[in-house]
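Participant: Let me give you the structure first, and then I'll get to my questions.
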Amino acid sequence: MYGKLKIIGPYFLALIIGMALAFFSHGDETPFTKQSKITPSAPTESASNVNSSPIFAPSLLKTVPSKTGEPSLANSCNENCLTTRELLFANAIIDDENYSKLSGLAQGLAAYLEENHIARIDMLDLAKTTQDGNKRAFLIDTFILLPVEQRKELGQALTTSSDWQIRANGITLLSSHEIMTPDGAKTLMTSYANEPNTHVKSEMLKALNKPDTLRGDQTTLDYLSQVMFSETNPKVKSEAMLTKLALQEDPLTAMPDTLMALTSGQPEFQHSAFIALERIYEANDLVDGGLDRIDHEAIKRALEDLMEAEVTPENTLQMGRLLNAADMFYERHY
């Protein structure tokens, strides 16, 4: 027995010394047991990965300072939102097929823009500068989904553009009944006075066609009368007349304007008179069950005079459409 201890003694002493050294060098470590919990560190994405794609607008990648109360990009723009922004800020043109696919993503992008002022401004700048019609159309579709005040802000900004198409987009955003109150109508009419483009003027007049908020508003009705007598473009005159008709308390009060249009000698303006007449006849019939308040003889004379109008090579198409409308109206009511 003593012989065995003598043999293993040196090894046993070495083992004791080794354990002592290990204890003093690592004494502050917590031994790993089955009850020990491992808390993994959260993975971090390098800045190079976030900014690796050049199609992101730099300002959209900035985290909004917390003092603004706005969420960061990562917290509010989900995967679909990020994909949408990639397509919008890419240099490639959005064709009709991709535009159709994008339409389903407008709601998600709008939800992000609603909470992020900086992102709204970036998208506004994109809408004002892009040469891609589909891209701008999608942005307008998205802006329409925003709350009224944000939509109003963006619409007013777009109407300051030097591009008439972009100004027309701005009118689209301003044309809701929540915005087109009597005060909103006054603001729009002030802008109308300085608008040189006939298409944008027509869009402005369509925007005033809001019976829910403007029916019977005398200031708006008077302005529309002024437009009918001062404008020379028949399309603009037509929009003014039909909008005024929609805003009048009694449709029959639009009859003088309608007869004026019917005898104007401008085929497009005359054609709109038949649209107005149909609406007047329908409304009058619904109100009192009869059309006795209408001066049928005056309308019949105007129709007969119209049949004698000269058809020239220059106005063949317009006159053909007009005379067809006159024939259909005459057959229905006389």
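Participant: Could you please find all residues in the range 174-225 being among the hydroxyl-bearing types (S, T, Y) and touching a Ser or Thr at 6+ places or on another chain (Cβ under 6 Å)? Spell out how you get there, then give the answer.
Facilitator: Quick first cut of the range 174-225, residues among the hydroxyl-bearing types (S, T, Y) only: 175-176, 181, 187, 190-192, 198, 202, 213, 219-220, 223, 225.
Residues satisfying the conditions are T181, T213.
Participant: Only helices (runs of 4 or more DSSP H) wholly contained in the range 256-334 count here; list those with 3 or more residues that are within 15 Å of L245 (Cβ to Cβ), at pLDDT 85 or above and not aromatic (F, W, Y).
Facilitator: On the way: elements: 267-288, 296-307, 316-333.
In the range 256-334, the matching helices (runs of 4 or more DSSP H) lie at 267-288.
Residue-by-condition table, conditions (1) in a helix (DSSP H, G or I); (2) hydrophobic (A, V, I, L, M, F, W, C); (3) touching a residue at least 40 places away in the same chain (Cβ under 8 Å):
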residue: Q107; (1), (2), (3): yes, no, no
residue: A111; (1), (2), (3): yes, yes, no
residue: Q131; (1), (2), (3): no, no, no
residue: R136; (1), (2), (3): yes, no, no
residue: L145; (1), (2), (3): no, yes, no
residue: E153; (1), (2), (3): yes, no, no
residue: T190; (1), (2), (3): yes, no, no
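Participant: Take A90 and tell me if it is in contact (Cβ under 8 Å) with a residue 24 or more places away in the chain, under 15 Å from K135 (Cα atoms), in contact with a Leu (Cβ under 8 Å, 6 or more places away or on another chain) and open to solvent by less than 60 Å² (accessible area, probe 1.4 Å). Spell out how you get there, then give the answer.
Facilitator: Working: in contact (Cβ under 8 Å) with a residue 24 or more places away in the chain: yes; under 15 Å from K135 (Cα atoms): yes; in contact with a Leu (Cβ under 8 Å, 6 or more places away or on another chain): no; open to solvent by less than 60 Å² (accessible area, probe 1.4 Å): yes.
The answer is no for A90.
Participant: Which ones in the range 220-264 are small (G, A, S) and open to solvent by 20 Å² or more (accessible area, probe 1.4 Å)? Walk me through it before giving the result.
Facilitator: Within the range 220-264, the subset small (G, A, S) is 225, 230, 238, 240, 246, 254, 261, 264.
Within the range 220-264, S225, S230, A246, S264 qualify.
Participant: A follow-up question, please. Is it fair to say N209 is over 23 Å from Y281 (Cβ atoms), part of a loop (DSSP other than H, G, I, E, B) and open to solvent by 40 Å² or more (accessible area, probe 1.4 Å)? So that I can check it myself, show each step before the final result.
Facilitator: On the way: over 23 Å from Y281 (Cβ atoms): no; part of a loop (DSSP other than H, G, I, E, B): yes; open to solvent by 40 Å² or more (accessible area, probe 1.4 Å): yes.
No.
Participant: Right, next: Name every residue in the range 298-334 that is among the small types (G, A, S) and over 13 Å from A273 (Cβ atoms), in order of residue number. Spell out how you get there, then give the answer.
Facilitator: We begin by selecting, within the range 298-334, every residue among the small types (G, A, S); these are 298, 302, 309, 320, 325-326.
Matches in the range 298-334: A309, G320.
Participant: Same structure again: Let me confirm something: among G170, G155, which residue is in contact with a Ser or Thr (Cβ under 6 Å, 6 or more places away or on another chain), of a type outside the set (D, E) and within 19 Å of N197 (Cα to Cα)?
Facilitator: Details: G155 fails: in contact with a Ser or Thr (Cβ under 6 Å, 6 or more places away or on another chain).
After ruling out the rest, the residue left standing is G170.
The values are calculated or read from the model by the stated rules, or taken from the named source; none is laboratory data. These numbers were taken from a predicted model, which means no experiment stands behind them. A quick note on method: Cβ atoms are made from the backbone with ideal geometry, for glycine too, and the neighbour counts reach across all protein chains shown. Please note that ligands, DNA and RNA were not included when accessible areas were found on the heavy atoms of the full protein model with its side chains. Shrake-Rupley method; radii C 1.70, N 1.55, O 1.52, S 1.80 Å.
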